[in-house]
Amino acid sequence: MSSYVDSVLAEGEQVVYRASISRWKFFWSYFIGSVLVLAAVVAFVAAGNQSTQSLGLAAVPLAIGLVVILSAVIRRKTTELVLTDRRIIAKRGLVSRNTVEINLNKVESLHVNQTLMGRMFNYGDVTVVGTGASLEPLLGISSPLELRKRIGTAPRAG
């Protein structure tokens, strides 16, 4: 299955850089989901596997934990951020889709915000400010300084 960005590229337009959402942005989702899954396993084992009630008690945190983890994975995999030789394209969503595009010749500035953890694990928030409008902040981008460098060196059409 091709990506959304690949399906909307204009003729002759080429991808310069593909950014992704950092796994660290979803740390708490992965952590809480894992704790719930572990709690379900411990509850099932501690109950001695003796009744369907113990299975029922273990199923609830297991289901919630798996939903939390799966939700984070889907959000990460269905977010695309691409720099082409003509524009920046950001797409989010699986069932419903939210897309934003800005032509490179309309980009005025780029803001990168990194917390201490973001600097340690190389992720941060990027906001592209354009003429008359700006992209909403792109949260938790892996290697945000590389994205900034690529946008700064991308050829400007027109």
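Specify which of the listed residues (ALA47, ALA90) is out of contact with any strand residue (DSSP E or B) (no Cβ under 6 Å at 6 or more places or on another chain) and either under 16 Å from ARG18 (Cβ atoms) or not assigned by TED's automatic domain parsing to the domain that holds GLU146 (or both).
Criteria check complete, one pass: ALA47.
Of the numbered conditions (1) within 30 Å of ARG150 (Cβ to Cβ); (2) touching a Gly at 6+ places or on another chain (Cβ under 9 Å), VAL67 satisfies every one except a single condition; which is it?
So VAL67 meets the others, but not (1).
Name the residue that is farthest from LEU139 (Cα to Cα), counting only residues in region 84-125 that are buried (at least 17 other Cβ atoms within 10 Å of the Cβ) and among the polar types (S, T, N, Q).
Across region 84-125, the extreme among qualifying residues is THR84.
Spot the failing condition for PHE31; the list is (1) closer than 25 Å to SER143 by Cβ; (2) at pLDDT below 95, and only one is missed.
(2)
The values are calculated or read from the model by the stated rules, or taken from the named source; none is laboratory data. The shown structure was predicted, so the numbers you read here are calculated from the model rather than taken from an experiment. Cβ sites come from the backbone with ideal geometry, for glycine too, and all protein chains shown count toward neighbours.
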